[in-house]
Amino acid sequence: MNRYITLLLLVSMLSASAVPHKLTGTVIGTETSVDYSTGLPSTTVNTRYNAFDGDLSTYFASYDRSSVSETEIPRTWVGLDLGSKHVISKVGWSPRDDGYGEQRVQLGLFEGANSPDFTDAIPIYLIPDKGTIGTISYADVDCSRGFRYVRYLGPDNARCNIAEVEFYGEEGEGDDSHLYTVSNLPTVVIYTTGDFFGRDPVDKVTDYTSSITIISRNDDGTTAVLCQPGTTRLRGNNSMTHPKKPYRIKFDSKQKVLDAPAKAKKWTLINTYGDKTILRNEISFEIARRLEMDYVPYCRLVDVIYNGDYKGTYQLCDQIEINKNRVNITEMEVDDLAGEAITGGYLLEIDAYASQEGEEHYFTSSSGIPVTIKSPDESNDLSLCKSYISTYWNFMEKAVMQTSRASLDQYMDVKSYCKIFLVGELTGNSDTFWSMYVTKERNDALLRFGPVWDYELTFNNDNRTKDYFFNPVAHTEWLFEFDDGNGNHTLKAGTMGDFAKKMLILFHAGELLDVWKNGYEKNNLRASSLNAYVDKLAEEIDQSQKLNFIRWPILSKKVHMNFQALGSYEKEVEFVKSYITTRVDWMNAKLGYKPAGVDGVISDASDELQPKQIFNMQGVLLYQGDEMPELEPGVYIVRQGAFSNKVMITR
Ligand code: CA
């Protein structure tokens, strides 16, 4: 081989690798198309081959609608078998040329796989925008894994209508150093497998075998990926009825997930449909942490793709169960039926739905509170456990009903109750006395309240509580005592209504205030600090929430218990922040707490209008203005109007 030809070869090899080329392969995908002229299934008209014929006027359209309502039918798609692994660097698409074409590619999904049934698929691109008829749109792909099989799935209910699909890339094994996530959040990808292939779960009883992949970005820009077999099913009560479904994941073996402290099989994907900020649970959990509850469930915002359908933003959370990094109490064995062994640990849930949901293990207390026994759930004789714990519960309840504090202290950790009460009141959780976890550890005399769970109806997001919050001056009672006067208010009549009222009498003077003050001063419950946390979450979720509300266009619609629809995500977040500002002040007033920090400097309404001046202890003016700046920990003098105060910032 002479030098000239070698050089030529080298140049052509270099150019081939520098410019990714359009890939060809065997057309694969859904075989049955629709003949729109008859509405009948076809294998000759509008077939999958039309998506790869280079002609923008021909298209593929499947006979099946490929919709969430067809839970038994796999989603429809078109793709290529590339014959060997390729790393994809670019995808192209063009919508069908008709009145619906443009929107029928928005949230269309490109995927790569190495199993021909795509149960190991991961996303390589999600189309965020509407398409343009008559041209091919392109997007660069940031995914370093090599795939033999690539495909396109249309969005929900679009019959995969597509005029043309293109894939670009190069042959190669690739690696997992850079995988695609649909936003900056981790992406959870679930495919049902085996007998459940392509089917979506419809209840919370049947476990669908699944392949579960969680892709997240490390700080250095590389990717971490967890891919494990397990099962998935629906979860929740009311939340299960929304079109955006909540799921429970159960891995076949215990897994560490993202940065969660627990290693466990069971995890939850919370759907947050009625909470338009998608943040209410996380904000509430943060408040629980700042009030120093023993255990607050792990919770992380993620995007979810289920069987090729982008489902929107979810919260990946702990399952509430006994685990040393979750509810850290003794797990009872099947033969723990006597002596010390039967004294715990118990994980209980006060649950208004208990008797309606066909829960097997529950009891109704003397005063009519339904209590589900979440753990133990397996025993040689659960009736013995039930008998023990229900009797114990009734001792505690009797102390409450007889308003005997001395007796109550033998059965209840009142401080744990104070904390969950304050979280409920600050967040305005109308579910507090309908649904609440309680635990009892072995050889521990006290029933303890917590953890917190399910705070979606908080921050004035419940059509039954809006009047209460909209008249903050007019009301002086706690939220749980509030009655809207129409007789249809259910808080007061909550399953624990009497119980909660008696507890209010049972608190020692200043007991609630002490818990509040401790949280406020040690961990900062100022509205400015809580709202800074809200801002941080809102920034983190921004890319994902935009996709979520394309998938579920409900920002201008009242859903679940909404009494308003503010029309934009930003307005929903602002509403929560203004709630927090008002409510923290209200809580301080109600509890008789004058913060030692800078929020407490205002002496009256006229001073509130004055700018603040902040000095260090050497008398140097550090700040002047209307805002309250973030200050390093230390001691300061804050002057406002005629009023000044020495304050200590602890965090
Ligand atoms: Ca075509």
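The values are calculated or read from the model by the stated rules, or taken from the named source; none is laboratory data. What you see is a predicted model; the values in this text were computed from it and never measured. All Cβ positions, even for glycine, are placed from backbone atoms using ideal geometry, and neighbour counts span all protein chains on display. Heavy atoms of the whole protein, side chains included, go into the accessibility calculation; ligands, DNA and RNA do not. Shrake-Rupley method; radii C 1.70, N 1.55, O 1.52, S 1.80 Å.
Keeping all protein chains in place, calculate the accessible area per residue for the chain (probe 1.4 angstrom), answer in Å².
On the way: 27610 Å² over 651 residues.
That works out to 42 Å² for each residue.
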Inset, instruction - Report the one residue of V87, G25, T76 whose Cα lies farthest in the direction of the positive end of the charge dipole of the range 10-155 (charges on C-beta: Lys and Arg +1, Asp and Glu -1; origin at the Cα centre). - result: V87
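Kirkwood hydrodynamic radius (Cα pairs, Å) of the range 277-376? Spell out each step's value before the answer.
Details: mean 1/r = 0.0609 Å⁻¹.
Across the range 277-376, the inverse of the average 1/r is 16.4 Å.
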Inset, instruction - Before anything else, pin down the relative contact order of the range 67-180: Cα pairs under 8 Å, at least 6 apart, normalised by residue count, whole percent. - result: 41 percent
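Can you give the relative contact order of the chain as a percent, counting alpha carbon pairs under 8 Å and 6+ residues apart?
Values: 1375 pairs, mean separation 58.9, N = 651.
Relative contact order, the chain: 9 percent.
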Legend entry - Close Lys-Lys pairs in the range 363-436, where close means Cα under 22 Å and separation is 8 or more or interchain: 5
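What does the C-alpha gyration tensor say about the overall shape of the range 503-573? Classify as rounded when a/c is under 1.5, otherwise prolate if a/b is larger than b/c, or oblate. Walk me through the intermediate numbers first.
Details: a/c = 4.10, a/b = 1.95, b/c = 2.11.
It comes out oblate by the Cα gyration axes.
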Legend entry - Whole-percent carbon and sulfur share, accessible surface of the range 255-301, 1.4 Å: 42 percent
Inset, instruction - Can you work out the PRE-style zone for T581? Point 7 Å along Cα to Cβ, and I want the residues of the range 534-555 with backbone N under 19 Å. - result: 534-539
Legend entry - Principal-axis tilt of helix 569-591 within the chain, Cα atoms, nearest 10 degrees: 10 degrees
Legend entry - Globularity ratio of the chain, using Cα Rg and 2.2 N^0.38 Å: 1.12
Inset, instruction - Kindly express, to the nearest 10 degrees and within the range 0 to 90, the angle between helix 280-290's C-alpha long axis and the longest C-alpha principal axis of the chain. - result: 50 degrees
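Let me know the shape class of the range 416-561, please: from the alpha-carbon gyration tensor, a ≥ b ≥ c as square roots of the eigenvalues, rounded when a/c is under 1.5, otherwise prolate if a/b is greater than b/c, or oblate.
The shape class here is prolate.
Over every pair of different alpha-carbon atoms in the range 334-406, take the mean of 1/r and invert it; report that Kirkwood radius in Å.
Numbers: mean 1/r = 0.0778 Å⁻¹.
Result for the range 334-406, one decimal place: 12.9 Å.
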Legend entry - Evaluated at q = 0.14, 0.15, 0.20 Å⁻¹: base-10 log I(q)/I(0), Debye formula over Cα of the range 155-294: -0.91, -1.03, -1.46
Inset, instruction - Count the lysine pairs in the range 163-284 whose Cα atoms sit under 16 Å apart, keeping only pairs 8 or more residues apart in sequence or on different chains. - result: 14
Legend entry - Cβ-defined net charge surrounding V68, 13 Å radius [Lys, Arg +1; Asp, Glu -1]: +1
Inset, instruction - Within the set of other residues whose C-beta is less than 9 Å from the C-beta of A260, count the net charge using Lys and Arg as +1 and Asp and Glu as -1. - result: +1
Legend entry - Cβ-derived FRET efficiency at R0 22 Å, S177 paired with N114, nearest 0.05: 0.85
Legend entry - Size of electric dipole in the range 226-380: Cβ of Lys, Arg +1 and of Asp, Glu -1, about Cα centre, debye, nearest 20: 900 debye
Inset, instruction - Determine the share of the range 421-478's accessible area contributed by carbon and sulfur atoms, expressed in whole percent, with a 1.4 angstrom probe. - result: 50 percent
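So what is the calculated 222 nm ellipticity per residue for the chain, using -39500 (n - 2.57) for each DSSP H run with n of 4 or more, over all residues, to the nearest 500 deg cm²/dmol? Before the final figure, lay out the partial values.
Numbers: 11 runs with 145 residues, N = 651.
Helices in the chain give a 222 nm mean residue ellipticity of -7000 deg cm²/dmol.
Please compute the alpha carbon radius of gyration of the range 183-248, then divide it by the globular-protein estimate 2.2 N^0.38 Å. Two decimals is fine. Provide the component values of the computation, followed by the final result.
Numbers: Rg = 13.9 Å, N = 66, 2.2 N^0.38 = 10.8 Å.
In units of the 2.2 N^0.38 Å rule of thumb, it is 1.28.
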Inset, instruction - Round to the nearest 10 and give me the degree value, 0 to 90, for the angle of helix 511-523's Cα axis relative to the longest principal axis of the chain. - result: 50 degrees
Inset, instruction - Would you mind working out the magnitude of the charge dipole of the chain relative to its Cα centre, with +1 at each Lys and Arg C-beta and -1 at each Asp and Glu C-beta, to the nearest 20 Debye? - result: 620 debye
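How much net charge surrounds V202 when only the other residues with a Cβ under 13 Å from the Cβ of V202 are counted, with Lys and Arg +1 and Asp and Glu -1?
Working: positive: R199, K204, R233, R235, K245; negative: E70, E72, D200, D203, D207.
Overall, the nearby charge balance is 0.
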